[in-house]
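No value in this document is a laboratory result; all are computed from the given coordinates. In this text, all values refer to a predicted model and were calculated from it rather than measured experimentally. In this analysis, Cβ positions are derived from the backbone assuming ideal geometry, glycine residues included, and neighbour counts consider all displayed protein chains.
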Amino acid sequence: MSRSPEIKFNIQKISTTAEEYLREKKERKAVAAVTQRLGDIYGDFELEKISILRDPEYLKEKGLTKEEAELKVHEVILKAQADLRTIAKKGRRLYPEVVAFFKRALDAPELSVELTREIKSSRDFKTADKTRKDSNHDKYLFAYETTGDFVQKGLVISDQLFRSMLELHQAEIQASKGVLKSRARQAVIDFKKKLSEVARKENLQLTPEFVNQRLGEISFDVKDAIVAKLKEIHAEYDSDFSNISIAHNVLDKKDLFRAVIFHELLHALSGRTEVVKTRGQYSPYIQNVRTGLYVASLHSKQIPRPRFYWLNEAVTETLTWQLLGKQIPKQPGNFFEYLNQMGELQASYGGERELYQLLLSRSRYPINKNLVLAAYFEDYDPNKPAAIPAWKTFIKALNESYGVNILLILDKIIKNDRSGGLAKAIQFLKNKEYMNKP
Ligand SMILES: [Zn+2]
């Protein structure tokens with residue numbers, strides 16, 4: 001029996017102030033600026049396919065008649081409609097984004113007279129009761145459940161209208177790019193102001209030079225709201241390219257936009273550990289292995305799986321609300337309450353935040369929040385005698401209170417049960433008998 005050889009990397013930690021590090025980051029960003037497109041947009045692939053199918057050169061090359069090509073176009077549209085239906089059914093949480101997609105497209109003034117007429121005639125969604133066998137029939141473009149009665153709602157539209165809707169959707173996302181740029185600029189200014197107040201209060205070790213450098217390198221991009229919601233996110237920070245992307249529907253929600261962007265800016269500002277990875281004859285590659293308290297996988301024996309995602313998000317969201325100067329609102333109790341609150345400000349990572357608060361409050365000896373924040377903002381510096389002293393102090397305090405490896409234990413409980421792990425971890429800490437009593 002032969003054993004597959006372990007992939008061997010040479011990993012060396014590098015300071016985030018090292019010239020080599022800063023140069024590589026700058027070069028990567030320049031390449032990204034050229035190649036970066038909007039990323040995944042719903043319908044993007046289909047529209048591209050349609051425009052190819054309508055290119056006379058392509059038809060000549062493939063020996064297709066116009067009629068044959070139009071048949072293929074019809075197939076592409078049917079497939080796109082089916083995909084949207086799947087998306088809509090995927091989960092109740094996605095429903096608002098899909099409805100918004102239809103609503104915006106149907107209300108658009110750019111549509112031709114014929115298409116507007118078509119919309120008017122099909123505006124009343126067709127309904128079917130739950131006894132009907134065809135409730136999943138293809139003619140229903142999307143479907144959802146309401147309380148009590150099971151109601152299916154659907155809409156039948158022509159190829160032409162559906163294609164126009166895809167085009168409008170993309171045009172809207174493109175247009176929001178400019179809006180994002182100016183709003184983001186203002187948000188960064190607000191963020192810096194709030195941050196300096198909180199940094200003073202919490203005694204955070206953040207120099208203005210460091211803050212300006214880190215935030216100065218960030219670029220902003222929009223994401224399709226449908227795609228973003230599929231990934232269950234509002235926004236995303238990519239540390240490799242120093243880029244923040246935000247779902248385009250968040251742009252219309254002033255308070256939510258502020259909360260979302262503050263959260264991502266904190267990720268960008270939080271401490272990092274970076275490594276230079278070398279493998280065989282390949283050229284060295286700089287990779288982020290820690291952002292704040294989140295440790296990414298190194299795909300090696302050292303760190304095989306990512307760790308502490310929950311803790312990093314809990315600290316980030318808690319700090320976000322401190323910067324906003326607001327009380328964290330209560331999580332809506334059920335889905336319908338959630339729908340009613342659409343567009344209003346919500347806090348994310350409720351379970352993670354509860355676990356984090358318990359970690360601080362159930363400890364045998366008091367654990368100061370500042371220990372956590374110091375570790376969160378700590379940049380790894382291999383040139384210093386102690387490279388991550390704040391993290392070590394925080395872990396020592398946890399060990400004294402809970403015994404060794406409490407973070408890894410909680411991490412394991414969460415990972416072992418995708419849907420209920422967080423609740424189990426919360427219960428685990430609640431069962432600890434001590435509360436700040438030595
Ligand atoms: Zn986050």
Around Leu53: net Lys/Arg minus Asp/Glu count, Cβ-Cβ under 14 Å | -2
Starting at the first residue of region 373-382, write each ³J(HN,Hα) from the Karplus equation 6.51 cos²θ - 1.76 cosθ + 1.60 with θ = phi - 60°, in whole Hz, x for Gly and Pro.
-> 5, 4, 5, 4, 8, 7, 8, 6, 10, x
Near the amide H of Ile286, under 5 Å away, which other amide H atoms are found, from residues 5 or more places off or on another chain, if H is placed in the peptide plane?
-> Lys277
Along region 44-50, what does the Karplus equation 6.51 cos²θ - 1.76 cosθ + 1.60 (θ = phi - 60°) give for ³J(HN,Hα), rounded to whole Hz, x for Gly and Pro?
-> 4, 4, 5, 5, 5, 4, 5
Amide H to amide H under 5 Å from Phe377: which residues, 5+ apart in sequence or cross-chain, H placed 1.01 Å off N in plane?
-> Gly271
Set Lys194/Lys392; Lys201/Lys412; Lys194/Lys369 screened for pairs whose C-alpha atoms are more than 30 Å apart | Lys201/Lys412
Give me the distance in nm between label points sitting 7 Å out from Cα along the Cα-to-Cβ direction at Ala386 and Arg305, one decimal.
-> 3.1 nm
Quick one: if the Förster radius is 60 Å, what FRET efficiency do Glu209 and Lys72 give, using the C-beta to C-beta distance and rounding to 0.05?
-> 0.55
Taking H as built 1.01 Å from N, whose amide H comes closer than 5 Å to the amide H of Lys223, not counting residues under 5 places away?
-> Ile246, Ala247, His248
What's the FRET efficiency of Ala32 with Ser419 using the Cβ-Cβ distance as r and R₀ = 22 Å, to the nearest 0.05?
-> 0.05
What is the extension gain from Lys326 to Glu217, computed as 0.36 nm multiplied by their sequence separation minus the C-alpha to C-alpha distance, in nm to one decimal?
-> 36.4 nm
Would you please give the FRET efficiency between Thr393 and Lys181, computed as 1/(1 + (r/R0)^6) with r the Cβ-Cβ distance and R0 = 45 Å, to the nearest 0.05?
-> 0.65
